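Peer 1: Mind having a look at this structure? Questions to follow.
Only the coordinates and a few stated rules stand behind these numbers; no lab work does. Keep in mind it's a predicted model, so treat the numbers as computed, not measured. Cβ placement follows ideal geometry from the backbone for every residue including glycine, while neighbour counts extend to all protein chains displayed.
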Amino acid sequence: MDNLDTQNFKSIDSDIETTRDWVDNIYNKVFGDMFHEIFRLSSNMHDPDFKITDSELEWILTSLPLVLFQVSERLNGLRLEHEVIKLSRKRERFVKESAIRDELDINGCSISSSEMKSLVDINMTDYDIMLASYSSLISRVEGEISFSKELIMGAKKVWDSRRSSENSNPVGEVVVDDELPDYKPNSYIR
């Protein structure tokens with residue numbers, strides 16, 4: 001382990017940090033405002049010291065599905081960008097391979113197909129990093145959509161529980177009928 005080149009690890013760490021920052025930036029720009037309220041309400045719902053209000057439950061049940069529709073539309077836009085990058089990568093790979101072959105032919109050199117593949121792969125690293133970034137971002141949003149659906153189901157259970165307890169123990173004004181029937185000592189109910 002002492003012989004490992006720490007400079008290479010620093011370079012990789014820098015690439016990871018740059019990529020993570022890029023993914024977080026895109027997430028915050030495209031989805032951050034939508035999921036912020038969802039996470040706040042989820043923490044309220046699970047906080048034993050806080051009782052989630054009926055208006056918050058109502059928002060989860062009525063507005064959150066509409067927010068998730070918007071999220072899905074934006075996610076589809078990211079998926080499209082991801083597919084475009086994949087296709088651009090294929091085109092660029094072909095162009096790079098042709099350029100390397102042309103240069104080798106001009107110089108009178110030849111290399112094996114595995115060496116050619118390695119040379120082209122090195123030139124595709126930026127595309128691969130971008131594809132990995134998009135995949136990570138898409139997976140993150142898909143996970144948060146699933147989380148939001150679970151929140152809706154949990155809110156529905158709380159809502160239903162509150163409504164059923166209100167129906168079994170109605171709270172309201174008690175109406176007393178002042179008109180009592182006349183009492184007849186020798187009558188009884190058959």
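Peer 1: For the chain, which span is the longest to avoid every loop-located (per DSSP) member of GluC sites (Glu not before Pro) having at most 13 other Cβ atoms inside 10 Å?
Peer 2: 1-172
Peer 1: For n ≥ 4 DSSP H runs only, could you compute -39500 (n - 2.57) per run for the chain, divide by its residues and tell me the 222 nm figure to the nearest 500?
Peer 2: Working: 6 runs with 144 residues, N = 190.
Per the formula, -26500 deg cm²/dmol.
Peer 1: In the range 26-164, how many lysine pairs have Cα atoms under 25 Å apart, counting only pairs 8 or more places apart or on different chains?
Peer 2: Eligible lysine pairs with Cα atoms under 25 Å apart amount to 10.
Peer 1: Which whole number of Å³ per residue matches the convex hull of the alpha-carbon atoms in the range 26-164?
Peer 2: Numbers: hull volume 16.8 nm³, N = 139.
So the per-residue Cα hull volume is 121 Å³.
Peer 1: Right, here's the next one. Arg40 label point, 7 Å along Cα→Cβ, cut-off 17 Å on backbone N: hits in the range 54-68?
Peer 2: 54-65, 67-68, by backbone N distance to the label point.
Peer 1: Ok, one more. Restricting things to alpha carbons, tell me how big the range 38-116 is in terms of Rg and Dmax, in Å.
Peer 2: Here Rg and the maximum Cα pair distance are 26.6, 78 Å.
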